[in-house]
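To start, the structure under review is shown below, and the notes come after it.
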Amino acid sequence: MSIARRLPLLAVLLLVLVMAGCSTTGNRGLQGGGYYEDDGPGSNPPSSAQLDAIPNAVPRIEPLINGTNKPYVVFGKRYVPDASDQPFRQEGIASWYGRKFNGVRTSSGERYNMYAMTAAHPTLPIPSYARVTSEVNGKTIIVRINDRGPFHSNRIMDLSYTAAYKLGLIGPGSGRVIVQRILPSEIRTMVASGNIAPEDSQLTADQATHPIAPAPQTQAPAPLSPAPLPPQAESSMAAPPAQGAYYLQLGAFSRQYNATTLAHRINTELRGMGKRAQALQIARLYRVRIGPYDTREAATSDIPTVNAKTGIQPSLIRP
């Protein structure tokens, strides 16, 4: 698995600025299954049917996060993230990380969700998307890169629990894979060819990206378990969006509960901003949007605040 002590962005920057070149202690041994002795799956993980139903991450073109794409030093080794749009292919061993880090903020600022389709990589841009193919069974998945790691010379990627499950790595704990970055040019081609709907190139599916909240270590997270809508969440549902207005979109969900719960959390975190998040049912998805805004300028001016307070980078939408 990943290093026992995952370093957030702040710690990485401190290492660069204050302890450049110095190694850090605290690395622990791996269990026979391939993950660290104080980590592993939750005590009540989702069923195979639930995990199988979680879709791949939907590639989207997102602005890179400046801080996480600068050179940094961990354990005395310097890493240089590749923020270019050049093809990237890598072969090596992937592992996975689980309950110990579930709910902890990743390098992207989002909270790690071990049941989402995400991964950590030392140098791929954050955020970006990659195809990961098992060299053992040929299975291929798509993940969103939102974290740094692993910092082991014999491992090239840390997968989420669900991503590792889909590649058959939960049991052995690690395995040989091929990692290929999905470049922005390919994403545009996927949209043009109809493989991704234009609106979906600006968002990701509910289980594929933004977790709603940290999951308890002994239970599966809310997106995988149906539950009655809380009264606060019910009030977050709204009528169809106004045509011609601008919105900030923070996610799209197949389940109403997930969308309204996220909208309620966002409204709590953005209290006093003047705009509220709403769950709008459009076609078969429930989309969480803030707005409406009369102008593009008014909408874009709120993006930094929304990102800073929620950890989610919103997309500008005009229905």
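Strands (runs of 3 or more DSSP E) wholly in the stretch 55-98 with at least 2 residues that are touching a residue at least 12 places away in the same chain (Cβ under 8 Å) and of a type in the set (A, V, I, L, M) - which ones?
So the answer is 72-74, 89-96.
How many of the residues making up the stretch 120-165 are part of a strand (DSSP E or B) and out of contact with any helix residue (DSSP H, G or I) (no Cβ under 6 Å at 6 or more places or on another chain)?
17
Out of the stretch 241-256, which residues are in a loop (DSSP other than H, G, I, E, B) and in contact (Cβ under 8 Å) with a residue 60 or more places away in the chain?
Within the stretch 241-256, Pro241, Ala242, Gln243, Gly244, Ala245 meet the criteria.
Does Thr260 meet the test of being more than 23 Å from Ile61 (Cβ to Cβ) and modelled with pLDDT of 80 or more?
It is true that Thr260 is more than 23 Å from Ile61 (Cβ to Cβ) and modelled with pLDDT of 80 or more.
Surrounded by 13 or more Cβ atoms within 10 Å (Cβ to Cβ), out of contact with any helix residue (DSSP H, G or I) (no Cβ under 9 Å at 6 or more places or on another chain) and modelled with pLDDT of 90 or more, is that true of Gly92?
Judged against the criteria, Gly92 is a match.
Given the conditions (1) on the phi > 0 side of the Ramachandran plot; (2) surrounded by 16 or more Cβ atoms within 10 Å (Cβ to Cβ), which single one is not true for Gly76?
Only one criterion in (1) on the phi > 0 side of the Ramachandran plot; (2) surrounded by 16 or more Cβ atoms within 10 Å (Cβ to Cβ) is unmet by Gly76, namely (2).
Is at least one residue of the stretch 166-183 out of contact with any Phe, Trp or Tyr (no Cβ under 7 Å at 6 or more places or on another chain), over 20 Å from Asp39 (Cβ atoms) and assigned to a loop (DSSP other than H, G, I, E, B)?
Yes, because at least one residue in the stretch 166-183 is out of contact with any Phe, Trp or Tyr (no Cβ under 7 Å at 6 or more places or on another chain), over 20 Å from Asp39 (Cβ atoms) and assigned to a loop (DSSP other than H, G, I, E, B).
The values are calculated or read from the model by the stated rules, or taken from the named source; none is laboratory data. Just so it is clear, the model here is predicted, and its values are computed rather than measured. Note: ideal-geometry Cβ built from the backbone for every residue, glycine included; neighbour counts use all protein chains shown.
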